[in-house]
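What follows is one structure encoded as structure tokens, with my remarks underneath.
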Amino acid sequence: MSLKKRIISLITGAALILASALTLSGCSQSGAVALTVDGEEIPAGVYILYSGNAYANAAQKLIEEQPDLSTSEEGFDYNDQTVSGMPFADYVKQESLDLCKRHIAVNKLFNTLGIVFGEDEQENINDYINAQWDYDLSSWNTSEAFSYLNGANTMGDFYESIGVSKSSFRQYTLNSYRASEIFTGYYGEGGIEEVSKDEINAWIDDNYSLVRYFGISLLDENGDVIETKSQLAILDNLAEEYKDKLNDGASFSEVYNLYQEYSALTNSSDDAGETASDNAEPAETKPDSDYNSLISKTSTSPSEEFVKALFEQKKNTTAVFKADTYYYVVQRLDVLETEGADGEDEIDYVERYSATALQELKGDTMEDIFKGEYANYTLTENSSAPDYCRQQAENALNGLTTITQIEYQYQYYQQLFGGM
């Protein structure tokens, strides 16, 4: 997968880290050095960004350790909590230092491996940095919910107001791209420890189901669950009839339209006794692929019960099963058969999720490599510099959420208009 194609997927990850610098106030620290790692300086702005990332990691870790903890209660303070046996702020500080070590390890390993960005790749990186730095905040900075922006006109204005220079932003962003290239160099096609296509496909096949389905409600007109055996039998037989039609070669669109007509006929009528379907326009015939849904094994939609039954169903079969208050008519497809697809199914799910699969298969291993690189790094903090980490940790949560929302919109419109 080219670097250009990965830009979009990196936006959200970058947002989590960039956002985490949100509410730290003070003058620009573009010339300040926060610490030195293995002889390499970490500018204050870079440290601020990593401190925010560390705060986000600590908050997530806290929720994992205490799933019943209510962080939205009035007066809740993360700094009153402990994470992995450490005071919250201390955990954030340690995580920040480790991320700074990783930053240096990535840069050094990138050079050791002799990786060089091509001209087009470097141009893409520069375009991304400039687009983010110049991002127009005019639609956000007048909102009461974003009052902390203090009237900043661009993202760059805001970052500078919290001590992050464009140089620091560039260093962090470039490091993210370098880490991605190292990962590909290890595990991508032709890499040092290339992960086979079969392994990637097996992961996708195990973790995703491609499905077409609809549910026949088991609730009566009052919203109560139908318990009468005769009524349930009618609905059961109807679901089985639809299943048989699909097995006999009927299109999914055709069968779904039949159910829609049945539903209108039985549930709606006017005072003159005409059914809703009497005057209805003919149902639109859509390509079957319009009904495709990709469902993850960890999904809870439409319900955990549905997802469990779906993954127990064989591929390329049609089944009827009861889950929650529905009889579901389910056509499970083979997600791997969409590889290189065109025509009816234009989405190549193998291509779309190969990067996700690779990350899930080898992401932790890559992080262990980085940890091994920086395990013996020396670290010296600038004793005269402010404690950027603790200042950031006090206020990052709201900013993290907000900038992530902005970045999500940026990502959405890039994809919508095919920008990258």
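The values are calculated or read from the model by the stated rules, or taken from the named source; none is laboratory data. None of the values given here were measured: they were computed from a predicted structure. Positions of Cβ are generated from backbone atoms using ideal geometry, with glycine treated the same way; all protein chains shown enter the neighbour counts. Just the protein is used for accessible areas: all its heavy atoms, side chains included, with ligands, DNA and RNA removed. Shrake-Rupley method; radii C 1.70, N 1.55, O 1.52, S 1.80 Å.
Descriptive notes on the structure:
- Flag for Ile115 being touching an Asp or Glu at 6+ places or on another chain (Cβ under 7 Å), surrounded by fewer than 14 Cβ atoms within 10 Å (Cβ to Cβ) and of a type outside the set (D, E, K, R): yes
- Of note, Tyr208 satisfies the criterion of being open to solvent by 30 Å² or more (accessible area, probe 1.4 Å), touching a residue at least 12 places away in the same chain (Cβ under 8 Å) and hydroxyl-bearing (Ser, Thr, Tyr).
- Which listed residue, of Glu95, Glu121, is among the charged types (D, E, K, R), closer than 26 Å to Ala56 by Cβ, in contact with a Phe, Trp or Tyr (Cβ under 9 Å, 6 or more places away or on another chain) and part of a helix (DSSP H, G or I): Glu95
- Just one of (1) within 33 Å of the chain's Cα centre (by Cα); (2) among the small types (Gly, Ala, Ser); (3) at pLDDT below 95 fails for Gly249. It is (1).
- Only one of the listed residues (Ala15, Ala19, Ala54) is within 26 Å of the chain's Cα centre (by Cα), closer than 26 Å to Thr184 by Cβ, crowded, with 23+ Cβ neighbours inside 10 Å and at pLDDT below 85. That residue is Ala19.
- Boolean, Phe214 is in contact with a helix residue (DSSP H, G or I) (Cβ under 7 Å, 6 or more places away or on another chain), closer than 19 Å to Ala319 by Cα and either open to solvent by less than 30 Å² (accessible area, probe 1.4 Å) or not acidic (Asp, Glu) (or both): yes
- Residue check for Ile129: modelled with pLDDT of 95 or more and either in a loop (DSSP other than H, G, I, E, B) or of a type in the set (Val, Ile, Thr) (or both): no
- One residue from Glu305, Glu240, Glu261 being more than 30 Å from Leu361 (Cα to Cα), at pLDDT 90 or above and either in contact with a strand residue (DSSP E or B) (Cβ under 8 Å, 6 or more places away or on another chain) or of a type in the set (A, V, I, L, M, F, W, C) (or both): Glu240
- Breaking point among (1) modelled with pLDDT of 85 or more; (2) outside any helix (DSSP H, G or I); (3) at negative phi; (4) not hydrophobic (A, V, I, L, M, F, W, C), for Ser139: (1)
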